[in-house]
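K.L.:
One structure coming up, written as structure tokens, with questions to follow.
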Amino acid sequence: MSKVTTPQLPHLQQAWLPATGREPQAGELPQRYKFTLKQYHQLGETGIINPDIRMELIRGELVLMAPKGTPHEVCLTRLIRVLLRAVGQQALVRVQSPVIIPPDSEPEPDFTIARLRDDEYLDEHPQGRDAHLLIEVSASSLYIDRTIKQALYAEASVEHYWIFDISARLLEAYSAPQLLRPNAKDTDERFGYGNKQIFTDADSISIPGLENTQVNLMECFPPVR
């Protein structure tokens, strides 16, 4: 196994808080090291990454995942029950499992509705093209899910992407991934979805690409108290 080496980062005190109190100059800013998928996997295999710390690889950078509050967990639990019942044997329901997006991303969406495969992805995790649908359950992560994650999934040609907005009790359903702003400097602004639909908790929706999968959204969100 090849050894993973990373550059030494500047001391945070020097990088962010110069003694003079002035804003840091370009040379004082911390270096940002980007990982490939291979390097990221090696970090896990060698124990450099603590398995108890939840993180994702997003565009080469290690991103800590938001803590899971009780509303998120209740919604997650209810969705497991609802999705397994709706999907049946038509697809695989994967929960908080990696999705490979070459060359340098491995997010862990809350749900991946993956196309059937004989080995059930034993040899490798699903890629964007393998997903009927990706789902994020959003509370504190709503901004990230609407911007960085949405652009990443669209660029990977994930055909359908849902966001369960727990606070508003709304489902945002995105489809038709495409290049929206080819001249945008920021990668996260170039890609997105051409279609967006909003559903309330009183609505029902079908899982795209599958038959007879009507989902009652009232059964997915946490109970109203």
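K.L.:
Does region 70-219 classify as rounded, prolate or oblate by the C-alpha gyration tensor (a ≥ b ≥ c root eigenvalues; a/c under 1.5 gives rounded; else a/b over b/c gives prolate, otherwise oblate)? Walk me through the numbers before you get to the answer.
P.N.:
Numbers: a/c = 1.60, a/b = 1.16, b/c = 1.38.
Here region 70-219 falls in the oblate category.
K.L.:
Could I ask something else about it? Evaluate the distance, in nm, between pseudo-label points positioned 7 Å from the Cα of Ala202 and of Ala168 along their respective Cα→Cβ axes.
P.N.:
Each label point is offset 7 Å from its Cα along the Cβ direction, giving 1.7 nm.
K.L.:
So how far apart, in nm, are the two label points at Val224 and Thr36 if each is 7 Å from Cα heading toward Cβ?
P.N.:
That separation, rounded to one decimal, is 5.3 nm.
K.L.:
DSSP loop (so not H, G, I, E, B), at most 15 other Cβ within 10 Å: list which trypsin sites (Lys or Arg not before Pro) in region 110-219 pass both filters.
P.N.:
Passing both the DSSP loop test and the Cβ count: Arg115, Arg117, Lys185.
K.L.:
I need the GluC sites (Glu not before Pro) found in region 104-192, filtered to DSSP loop residues with at most 11 other beta carbons within 10 Å of theirs.
P.N.:
In loop regions of region 104-192 (DSSP not H, G, I, E or B), the sparsely surrounded GluC sites (Glu not before Pro) are Glu120, Glu124.
K.L.:
Moving on to the next point. Where does helix 70-87 land angle-wise versus the long Cα axis of the chain, in degrees 0 to 90, nearest 10?
P.N.:
50
K.L.:
Which three extents, in whole angstrom, do the alpha-carbon atoms of region 151-225 cover along their principal axes, largest first?
P.N.:
In descending order, the Cα extents are 46, 31, 15 Å.
K.L.:
While we're on this one: Taking +1 at the Cβ of each Lys and Arg and -1 at the Cβ of each Asp and Glu, which of Gln150, Pro107, Phe164 sits farthest along the dipole of region 71-225 towards its positive end, judged by Cα position relative to the Cα centre?
P.N.:
Phe164
Every number here is computed from the coordinates shown, using simple stated rules; none is lab data. Since the model is a prediction, treat every value here as computed from it, not as a measurement. Heads up, the Cβs are rebuilt from the backbone with ideal geometry, glycines too, and the neighbour counts pull from every protein chain shown.
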